[in-house]
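Trainee: Dropping a structure here in structure tokens format, bear with me for questions.
Please treat every number below as a calculation from the coordinates, not as lab data. Given the structure is predicted, the values throughout are model-derived calculations rather than measurements. Note that each Cβ is placed from the backbone with ideal geometry, even for glycine, and that neighbours are counted across all protein chains shown.
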Amino acid sequence: MQVLTLTRPDDWHLHLRDHEQMRAVVNDTARQFARAIIMPNLVPPITRCEQALRYRQRILSALNPAYSFEPLMTLYLTDSLSVVEIKSAAESPFIHAAKLYPAGATTNSDAGVTHIDKIQSVLEAMQKYDLPLLVHGEETTSSVDIFDREKVFIDNTLIKIRQQYPELRIVFEHITTTEAVDYVLSENAKTAATITAHHLLINRNDLFKGGMNPHHYCLPVVKRERHRLALLNAASQHPGKFFAGTDSAPHAQHAKESACGCAGIYTAHAAIELYAEAFDQSNDFTNFEAFMSISGAKFYQLPVNQQSITLIRRSWKMPDKLSFGEQSLIPFKAGQNINWTLTNSNEK
Ligand code: NCD
Ligand code: ZN
């Protein structure tokens, strides 16, 4: 396959940060994608609709006017979020989901949910008003091995939420294991999952190849090769249940290359090309369009995009560094060749 033409994709899981940092990255996404689900883990987190709407305005004002891009906003669940807020979110045309971060699971999750029992009425309301629940699926108990946290979360929490709220739409975000793939496949159409480009492209050896590589560190952490292959199989063979969500999560170079480096990988600058590289490994592009552009829209009950994009098999070199406000940002695959090129940007 030398040329790929498909409906313009959406990114169903994206971190844009705020202010100067947001302005530095947002057009990388807007150049490629028509829409993106915007994560609410700012400091302070986006816990009220009114905050989400103001954040949306800041994003819109930072867009290159040539691009036609729509940010789809989300709320950050806490122990004390009210049912009234959920109802307003469900009624808003701009807010599309609420995100469950178990407290302490990842970047800016300290205000997250300490125990699922604390948000029963909120989950009930989300089911009633049909507002999708997005889940960072990792157990946070410190005695649980970091490579097992996703599996333990399924067993201890996700199965329980599903049993209690059978009609709730749930997106299991950025899945990383064969257990998560099997779980999603075992559930009906109310459960889906996003998969990142980096989890399709690297395994845990890449964290340590030639020395410790902080730019391959994200959460959930990348797993063994057999898990990567299970994700590739899920993305390429079961597109209705799995769709693209980059989890592109920019952190300044100094914050990654430090004694306690932050979790997060920046892929937004070349997300579609990176997904094409991953599918190339499966030697099967049959479901590429469904995974990138159709299944997510259907799950979120949004119209599929109208325009199309073209990728050609032509290699280009990823820059060593990007600018990030006053700081620098090291992109995924910095300095390496990328085998696919997106030929048309998301222009109006
Ligand atoms: C994300 C971030 O930096 O906000 N980091 C990451 O490693 N993926 C948070 C998250 O999605 O876990
Ligand atoms: Zn994320």
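Trainee: Based on the alpha carbons, how large is the Rg to Rh ratio for region 116-248 when Rh follows Kirkwood?
Mentor: When Rh is taken as the Kirkwood radius, the ratio is 0.99.
Trainee: Could you work out the relative contact order of the chain, using alpha carbon pairs under 8 angstrom and six or more residues apart, expressed as a whole percent?
Mentor: This gives 20 percent for the chain.
Trainee: Evaluate the distance, in nm, between pseudo-label points positioned 7 Å from the Cα of Gln336 and of Ser82 along their respective Cα→Cβ axes.
Mentor: So the two model labels end up 4.9 nm from each other.
Trainee: What's the FRET efficiency of Gln2 with Ser92 using the Cβ-Cβ distance as r and R₀ = 45 Å, to the nearest 0.05?
Mentor: Computed FRET efficiency for Gln2 and Ser92 comes out at 0.55.
Trainee: Something else about it: Taking the Cα-to-Cβ direction at Gln306 and at Ser258 and moving 7 Å from each Cα, how far apart do the two end points lie in nm?
Mentor: Placing both labels 7 Å along Cα→Cβ, they lie 4.6 nm apart.
Trainee: Can I ask one more? How much net charge surrounds Tyr183 when only the other residues with a Cβ under 12 Å from the Cβ of Tyr183 are counted, with Lys and Arg +1 and Asp and Glu -1?
Mentor: Neighbourhood net charge equals -2.
Trainee: Can you give the FRET efficiency for Arg58 and Gln237, using 1/(1 + (r/R0)^6), R0 = 51 Å, r = Cβ-Cβ distance, to the nearest 0.05?
Mentor: Efficiency for this residue pair is about 0.85.
Trainee: Fully extended, how many nm does the chain gain between Phe208 and Ser315 (0.36 nm per residue separation, minus their Cα-Cα distance)?
Mentor: Gain on extension, Phe208 to Ser315, equals 35.9 nm.
Trainee: Starting from the 7 Å offset along Cα-to-Cβ, what nm value, one decimal, do you get for the label separation of Leu185 and Arg226?
Mentor: Distance between the two pseudo-spin positions: 1.4 nm.
Trainee: Which values, in whole Å and largest first, are the semi-axes of the equivalent ellipsoid of the chain obtained as the square root of 5 times each eigenvalue of the Cα gyration tensor? It would help to have the intermediate numbers written out before the result.
Mentor: Working: eigenvalues 153, 102, 92 Å².
They are 28, 23, 21 Å, listed from largest to smallest.
Trainee: May I pose another question? Pairs of Cα atoms under 8 Å, at least six residues apart: use those to get the relative contact order of region 13-128, whole percent.
Mentor: Taking the mean separation of contacting Cα pairs over the length of region 13-128, I get 25 percent.
Trainee: Across every pair of different alpha-carbon atoms, what Kirkwood hydrodynamic radius in Å does region 213-348 reach?
Mentor: Here the Kirkwood hydrodynamic radius works out to 16.4 Å.
Trainee: Okay, moving on. Take the alpha carbon atoms of region 83-159, find their radius of gyration, then divide it by 2.2 N^0.38 Å using N residues; give the quotient.
Mentor: Values: Rg = 13.4 Å, N = 77, 2.2 N^0.38 = 11.5 Å.
Rg over 2.2 N^0.38 Å, computed on Cα atoms: 1.17.
Trainee: When we measure straight from the Cα of Lys128, which aspartates and glutamates land under 16 angstrom away, once same-chain ones fewer than 8 places off are left out?
Mentor: Partners within reach: Glu85, Glu91, Glu167.
Trainee: Taking a quarter of the surface of the Cα convex hull of region 226-291, what do you get in nm²?
Mentor: 5.3
Trainee: Using a cut-off of 23 Å between alpha-carbon atoms, which lysines can reach Lys321, once sequence neighbours fewer than 8 places away in the same chain are excluded?
Mentor: Candidates past the 8-residue exclusion: Lys209, Lys256, Lys333.
Trainee: Ok, one more. Helix by helix, which DSSP H runs in the chain go 27 Å or more along their axis at the Cα atoms and have an average Kyte-Doolittle hydropathy of 0.0 or more?
Mentor: On the way: long enough: none.
TM-like helix candidates: nothing returned.
Trainee: Further, regarding this structure: Quick one: check the C-alpha center-to-center distance for region 261-292 versus region 221-254, whole angstrom.
Mentor: 8
Trainee: Now a separate question. Which aspartates and glutamates, on any chain, are close to Lys87 with Cα under 14 Å apart, when same-chain ones fewer than 8 places away are left out?
Mentor: Within reach: Glu50, Glu124, Asp130.
Trainee: What ranking do Arg31, Arg228 get, fewest neighbouring Cβ atoms within 10 angstrom at the top?
Mentor: Working: Arg31 19, Arg228 24.
Final ranking by Cβ density, sparse to dense: Arg31, Arg228.
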